[in-house]
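First up is the structure itself, then whatever we jot down about it.
No lab work stands behind these numbers, since they all come straight from the coordinates. Only a predicted model underlies this, so the values are computations on that prediction, with no experimental measurement involved. Cβ sites come from the backbone with ideal geometry, for glycine too, and all protein chains shown count toward neighbours.
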Amino acid sequence: MEEEKRSAEIADIGAVNSHDHLCLLYQDDPEVLNLVLPFIQKGVAIGERCVYLHAAAQKLERLLQNIVDAQKQDGGALILLPVKQTWLRGGTFKQERVMELLRNICAGAAAEGFSGTRIICDMGWAVKDERSLELLHRFERDLTVFASEQDTALLCLYDRRLFNPELLLELARMHPGLVSGGKVCENPLFIPPGLQPRKKAAVCELDVFLAASQRMAMVEAESGRLKQELEQAYAALARKIYENWQEEDTLRASEQEIHEKDEALLANRRRLQTILQHLPVVMMAFDNGDRLAACNHEFERVTGYRVEEVMGKPMLELLQVDGELREDVVSAHPPQGGDYRGREWNLRCKDGSPKLMSWSNLSHYVPITGWVNWIIGLDLTTRVQAENRLRTIKVELEARTAELEGIGQAVSHDFGARLARISGDCGRLHKLNQSQLDPPVRELLENIRTAALELSGAIAALERMTALTGAELQPVEVDLSAMASEIAAQLRDHAQHPVDFRIEDGVTVTGDREMLRLAMEQLLENAWHSTIGVKHPVVRFGTAQVEGERSCYVSDNGPRLTATLGETAAGVSGPERSRCGIGLATVQRIINLHRGRIWSAEQAGKGGTLYFQV
């Protein structure tokens, strides 16, 4: 408790109170400057008048004089009184006159509105003679009484170079407060006024001795307690250090992990930026004000702009949209990131031309810091232009097809009628002149009649195919096995040429029934005619795996002069050329319309096989 009381009585030299009577012992000018100046500055700051009665400290006197000269409008907050006007006025020191001066100083400060007075008394005047030194003891005792009566704080300055130590010790005991190390503390050896000096000194020294003894006992008791607490503190500190080491190791591992994650994140961000920059689609990113924050190389290529030319531009300046489309664009890009697919808006190019783009907003699914909305666009301009050209070509093609169909039907009709007339004329000629014709002539007429009939059938098939292709395909499931059996039954009716048909059951495909019927008729008839003259003719229909795919085939064992489908018509002559050329061309056209393919696997003199896929 005593220590707490002592500590509370120690204050900074600037923070003194009224009625304080302080003693400052100094050894050189810097020391007195460093202590007196804060004492004065604090007093002026709180509205007190500071009066310096100087005597010996010439450097301090010059410094304070410069301050007074520089501050002309300070209202008299700092006053300097020379030694000849205060201590030694009239050549000698008179205590009554000095005390009267001090009272007038305090009264004048109060009258002029100052909150108090701080008086610095430089006691260097007392070293003039022995008489002055004797008067100094009584003057210091009266100053203690004066300070207790007036609203003032007194600071007495003693230069240790001018006074002997014994005298300074006696004078220091007359001050209730001391200035030591820049701090103000209570004087434990202070001799209150009214006691005999020697008795006072003894009482004070006894109090100090008893206080020091008590303090030593307390310190010894406290030392043991502090030692124990210190040991406990050391043990706790050691545990804490060990825990800190463990925490540091954990933190290092966490920092390393975070660093690795940051590196991976940075690498991923670089990869993402590289991917976005080199995407084959236009990419644009916008900030929270719908201004362009980033774009990629494809944007530069499509629009012709450089990045620095468009960075920071509003979105509606980059997109060429008007009316309701502007509202649609704004609503599709909310501050929290949008989500849409396939929005078609025009992108404005540098040359003023628009590019129709199909846009997708991915910012809702893949948010990127700083990019509120980022969108990618696919250029549809080329596709739209191609579609427009295809429509034009389709219209032209449909017109040409209609013309060709009309021509084909007309030609087929005319050729069929003429061939029918030729066949009929041959028949009548043979009937009318049968007895007059030689056998070779009769055979020739029969061949002409047969060829005309066969060619009429092929032309009828061509006319039929032309009529079928004029309409759109009607794909359904078709049983080719049943269809082949019906056609084979019709061909078996020709008794002059019986053929063994071997047909696989359950062969079905998807296609137009009428067209596939015509193709099967032509294929089987072609195979049937190819076996004329064969001793044991066989025609097969079925399926086989060709290069890993299911394929249909029609084969026969008739003689062949060629090995490929494209050469079939070129390798024969007479009726067979007409039969093979038109019939197989019709089949190939039908297969092509079904997006299929047909090919031959013939071997000269050993029959042939036609494969097809639908």
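Show the residues, 5+ positions off or on another chain, whose built amide H is closer than 5 Å to the amide H of Thr609.
Here Ala601, Glu602, Gln603 satisfy the definition.
What is the pair-distance distribution P(r) of segment 78-117, computed from all Cα-Cα distances in 10 Å bins starting at 0, with each bin given as a whole percent?
Spelled out per bin, shortest first, that is 28, 48, 23, 2.
Just to confirm my numbers, what's the Cα centroid distance between segment 494-536 and segment 76-119 in Å?
Taking the Cα centre of each part, segment 494-536 and segment 76-119 sit 147 Å apart.
Apply the Karplus curve 6.51 cos²θ - 1.76 cosθ + 1.60, θ = phi - 60°, to the phi angles in segment 338-355 and return the couplings in whole Hz, x for Gly and Pro.
Running phi through 6.51 cos²θ - 1.76 cosθ + 1.60 with θ = phi - 60° gives x, 8, 7, 9, x, 5, 10, 10, 7, 9, 7, 9, 5, 7, x, 7, x, 10 Hz.
Which of the peptides 174-183, 102-111 is most tightly packed, and how do the rest follow, judged by the mean count of other Cβ atoms within 10 Å per residue?
My ranking of the peptides, most packed first, is 174-183, 102-111.
Mind ordering 321-327, 523-529, 27-33 by average Cβ neighbours within 10 Å, highest first? Each step should come with its number before you reach the end.
Working: 321-327: 11.7, 523-529: 22.4, 27-33: 14.0.
Those peptides, ordered most packed to least, come out 523-529, 27-33, 321-327.
So for each of 499-505, 157-163 I average, over its residues, the number of other beta carbons within 10 Å; can you give me the resulting order with the highest mean first?
Highest to lowest by the protection proxy: 157-163, 499-505.
When the convex hull of the Cα atoms of segment 228-304 is projected onto a plane and the area is averaged over all directions, what value comes out in nm²?
8.9 nm²
Can you list residues from other chains, or at least 5 along the same chain, whose modelled amide H is less than 5 Å from the amide H of Val539?
Asp500, Phe501, Arg502
Considering the options Val281, Ala238, Met218, tell which one lies farthest towards the positive end of the dipole of segment 218-313, charges being +1 on Lys and Arg and -1 on Asp and Glu at the Cβ, about the Cα centre.
Of Val281, Ala238, Met218, it is Val281.
Could you give each residue of segment 125-132 its phi-based ³J(HN,Hα) in whole Hz, using Karplus coefficients 6.51, -1.76, 1.60 with θ = phi - 60°, and x for Gly or Pro?
Using θ = phi - 60°, the values come out as 5, 6, 7, 5, 7, 5, 4, 5 Hz.
Can you give me the long-range amide H partners of Asp20? Hydrogens built in the peptide plane at 1.01 Å from N, cutoff under 5 Å, separation of 5 or more residues or another chain.
Long-range HN contacts for Asp20: Leu154.
Among Lys355/Lys394; Lys42/Lys94; Lys84/Lys128; Lys350/Lys394, which pairs are too far apart, with a Cα-Cα distance over 23 Å? Walk me through the numbers on the way to the answer.
On the way: Lys355/Lys394 25 Å; Lys42/Lys94 31 Å; Lys84/Lys128 13 Å; Lys350/Lys394 34 Å.
Beyond 23 Å between Cα atoms: Lys355/Lys394; Lys42/Lys94; Lys350/Lys394.
Please list the equivalent ellipsoid semi-axes of segment 105-196, computed as the square roots of five times the alpha-carbon gyration tensor eigenvalues, in descending order and whole angstrom.
Square roots of five times the eigenvalues give 24, 16, 14 Å.
Starting from a Cα-only point model with no solvent, please compute log10 I(q)/I(0) by Debye for segment 291-378 at q = 0.19, 0.22 1/Å.
Taken in order of the listed q values, log10 I(q)/I(0) reads -0.89, -1.22.
Can you work out D for segment 97-138 in µm² s⁻¹ from Stokes-Einstein, where Rh is the Kirkwood radius over C-alpha pairs, the temperature is 25 °C and the viscosity is 0.890 mPa s?
The calculation lands on 204 µm²/s.
How much length would be gained if the chain were fully extended between Lys183 and Glu229, taking 0.36 nm per residue of separation minus their Cα-Cα distance, in nm to one decimal? Mind dumping the intermediate values first?
Values: separation 46, 0.36 × 46 = 16.56 nm, distance 3.11 nm.
Between Lys183 and Glu229, full extension yields 13.4 nm more.
Output ³J(HN,Hα) for segment 308-322: one whole-Hz value per residue in order, computed from phi by the Karplus curve 6.51 cos²θ - 1.76 cosθ + 1.60 with θ = phi - 60°, and x for Gly and Pro.
Coupling constants for segment 308-322: 5, 7, 10, 4, x, 6, x, 4, 6, 7, 7, 9, 8, 10, 9 Hz.
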